[in-house]
1. Output the residues belonging to the range 85-116 that are under 11 Å from the mean Cα position of the chain (by Cα) and hydroxyl-bearing (Ser, Thr, Tyr).
2. Return the pairs, sorted by first residue and then second, in which the second residue is outside any loop (DSSP other than H, G, I, E, B) and of a type in the set (Phe, Trp, Tyr), the first residue lies in the range 83-103 and is in contact (Cβ under 8 Å) with a residue 60 or more places away in the chain and on the phi < 0 side of the Ramachandran plot, the beta carbons are less than 8 Å apart, and the residues are 6+ apart or on different chains.
3. Can you go through 63, 22 and tell me which one is under 17 Å from residue 107 (Cβ atoms) and out of contact with any strand residue (DSSP E or B) (no Cβ under 8 Å at 6 or more places or on another chain)?
4. How about the range 106-123: which of its residues are loosely packed, with under 15 Cβ neighbours inside 10 Å and under 13 Å from residue 43 (Cβ atoms)?
5. Could you check the range 99-117 and list, in sequence order, the residues that are over 15 Å from residue 141 (Cα atoms) and of a type in the set (A, V, I, L, M, F, W, C)?
6. Across the range 63-84, which residue is farthest from the chain's Cα centre (by Cα) among those that are assigned to a loop (DSSP other than H, G, I, E, B) and surrounded by 19 or more Cβ atoms within 10 Å (Cβ to Cβ)?
Amino acid sequence: MYENNQTEEGQPKKAMAYTRVSTGRQVDEGVSLDAQKQRILDYAKFKGFELDEDDIFVEKGVSASVNLWDRPEGRRMGERLRDGGPKHIITLKLDRMFRNVLDTLNTIDEFNRYGVTLHVIEYLGQTLDTDTAFGKMILNFSSLLAQLERDQASERTRFAMSRLKETNQRFTDSIYGWDLDG
């Protein structure tokens, strides 16, 4: 008999991983990518997954408002998936992959067609995977919350910019080569 973290031949199951930060500043100054990667490596080891360096997709400075398959590393991961790659994808948090309900649902549907299980390490202190009906339902609900968070941030920004415009205040630094009048 083989264990859940092994193939029928007794080999470790392979996994892919996805990490992301939104801004170039986070890439240059932050520790988030390294921290995400380390947590994923720890989880993979705990679960007995084999995780090759080539199967860790690191998205640098790309917003989650861009659909997963439209991001450079997301596209590479999708190609790997479609070419018969590992059947487990690990990410630290759901919002590292998705901030849009439709993208979440479409991507999870594709994962299901290829027999792929998504593992979200940090979900309210628990680990979430899409192997179960409950896990899928929680993932769908969570994607709604992630989109709500993104939409609210966008609303706050639009409101603040509108307010600055109404009160004739600058909302940007001076642009090189331009003089500020008034």
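The values are calculated or read from the model by the stated rules, or taken from the named source; none is laboratory data. This one's a predicted model, so the numbers in the text were calculated from it and none came from an experiment. Heads up, the Cβs are rebuilt from the backbone with ideal geometry, glycines too, and the neighbour counts pull from every protein chain shown.
1. Correct list: 91, 104.
2. 89/18; 89/111; 90/18; 90/43; 91/18; 96/18; 97/18
3. Details: 22 fails: under 17 Å from residue 107 (Cβ atoms).
That would be 63, the only listed residue that is under 17 Å from residue 107 (Cβ atoms) and out of contact with any strand residue (DSSP E or B) (no Cβ under 8 Å at 6 or more places or on another chain).
4. none
5. 111, 116
6. Just the residues of the range 63-84 that are assigned to a loop (DSSP other than H, G, I, E, B), to begin with: 63-67, 71, 83-84.
Going one step further and asking which of them are surrounded by 19 or more Cβ atoms within 10 Å (Cβ to Cβ), we end up with 64, 71.
On the way: 64: 7, 71: 11 Å.
Among them, the one singled out is 71.
Table: residues versus (1) of a type in the set (Phe, Trp, Tyr); (2) more than 29 Å from residue 148 (Cα to Cα); (3) modelled with pLDDT under 90.
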{"position": "43", "(1), (2), (3)": "yes, no, no"}
{"position": "49", "(1), (2), (3)": "yes, yes, no"}
{"position": "52", "(1), (2), (3)": "no, yes, no"}
{"position": "77", "(1), (2), (3)": "no, no, no"}
{"position": "83", "(1), (2), (3)": "no, yes, no"}
{"position": "86", "(1), (2), (3)": "no, yes, no"}
{"position": "89", "(1), (2), (3)": "no, no, no"}
{"position": "101", "(1), (2), (3)": "no, no, yes"}
{"position": "121", "(1), (2), (3)": "no, no, no"}
